[in-house]
Amino acid sequence: MFIKIENIKYHIEIKGEGNPIICLHGFSEDVSTWKLLDLHGYKLILIDLIGHGKSDKPKESKYYSLEVMLKHLNKLISKLNLKKYSILGYSMGGRCALAYTLTYPNEINKLILESASYGEEKILNRLKRRKEDLNLAKSIRENGIEWFNEYWGSLSIFKSQKVLPESIMNDISRRRLANSTHALSNTLESTGQGNLLCLKDEIVKLSMPILYISGEYDKKYQKIGREFEVLNANVKHIIINRCGHNTHIENINGFVKVLNEFL
């Protein structure tokens, strides 16, 4: 299914029946990252974010700003005639889901964050991350998608994926290779962590139930999950065993079990 918002075509897939859950993928991913996710009694609405998957990949950088992403996402959801729904986001999609929930809190039943950050709190760290994002965007433009696939897969945060079955690793690689250089670079330059304000002080405002998921081997995001729990009493932080940053890929059974218990 495709829905057009302000001349931008968004790709959507819907799985199951029941209470709706919006699912937002991570950087360089697409809706197929959720292909093994099946929740009985829930309608999963899988969306390819701007510049990803089968959604449009405009050259103009203005479409990749967080403000435009959130506005388009809300208009898209309105076209699906959804008034109340839950939202699930992984990594970059989690940052988007958190910002979306803070912008449209009255529409959200439950918020589920998987290995997601609220942003860099210290200005020097944010500037450092901003420089890293810009350098990576430049490298992607200069070196191409094959280089990016090798580079991204070699990051220590994905080290635990090396033991996954070859078929799953091939799926991950295929999704990365399907990207375009300008879309990934625009995303990094516009909505990379270094270009976003820290939302830490805003989390206290959220009144809905919140689930934060991190992996056993992902110590950085375990720490962030514990911080979420301190910031808001509505947050429940669960660590899934035998996986790292991408828990829904590395341990889908554990991921589904945690979601079912929360929902």
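FYI, it's all coordinate maths here, none of it is from the lab. Just so you know, these numbers come straight off a predicted model, no measurement behind them. Because the Cβ atoms are built from the backbone with ideal geometry, glycine has one as well, and the counts that use them run over all protein chains shown.
Please compute the modelled spin-label separation between ARG226 and LYS71, points set 7 Å along Cα→Cβ, answer in nm with one decimal.
The answer from the label model is 4.1 nm.
Under 8 Å for C-alpha pairs, at least 6 residues apart: give me the relative contact order for the chain, rounded to a whole percent.
19 percent
How large is the Rg to Rh ratio of the chain when both quantities use alpha carbon positions and Rh follows Kirkwood?
When Rh is taken as the Kirkwood radius, the ratio is 0.93.
Please give, to one decimal in nm, the separation of the simple spin-label points placed at GLU261 and LEU80, each 7 Å out from Cα toward the Cβ.
2.7 nm
Given a Förster radius of 30 Å and the C-beta distance between SER173 and ARG242 as r, what FRET efficiency does 1/(1 + (r/R0)^6) yield to the nearest 0.05?
Computed FRET efficiency for SER173 and ARG242 comes out at 0.90.
Report the residues of the range 3-47 in range of a label on TYR104: point 7 Å along Cα→C-beta, backbone N strictly under 17 Å from it.
Once the point is set 7 Å along Cα→Cβ of TYR104, 3-14, 19-25, 43-47 turn out to lie under 17 Å by backbone N, inside the range 3-47.
Over the range 1-66, how many pairs of lysines fall under 23 Å by alpha carbon, counting only those 8 or more apart in sequence or from different chains?
20
For a label point 7 angstrom out from the Cα of VAL204 toward its Cβ, which stretches of the range 70-102 have the backbone nitrogen within less than 17 Å?
The answer is 102, whose backbone nitrogens lie closer than 17 Å to the label point.
If a/c stays under 1.5 just call it rounded; otherwise compare a/b with b/c (prolate if a/b is bigger, oblate if not). Do that for the range 16-123, with a ≥ b ≥ c from the square roots of the Cα gyration tensor eigenvalues. Write out the running numbers ahead of the final one.
Values: a/c = 1.38, a/b = 1.27, b/c = 1.09.
In terms of gyration-tensor shape, rounded.
Using only the alpha-carbon atoms of the range 63-119, report the extent along each of the three principal axes, biggest first, to the nearest angstrom.
The principal-axis extents, from largest down, are 29, 27, 15 Å.
In debye, nearest 20: dipole of the range 37-134 around its Cα centre with unit charges on the Cβ of K, R (+) and D, E (-)?
240 debye
Between the range 232-260 and the range 55-133, what's the alpha-carbon centroid distance in Å?
Their Cα centres are 20 Å away from one another.
Which Cα, out of SER180, TRP147, VAL204, lies furthest along the positive dipole direction of the range 143-208 (beta carbon charges, K/R +1, D/E -1)?
VAL204
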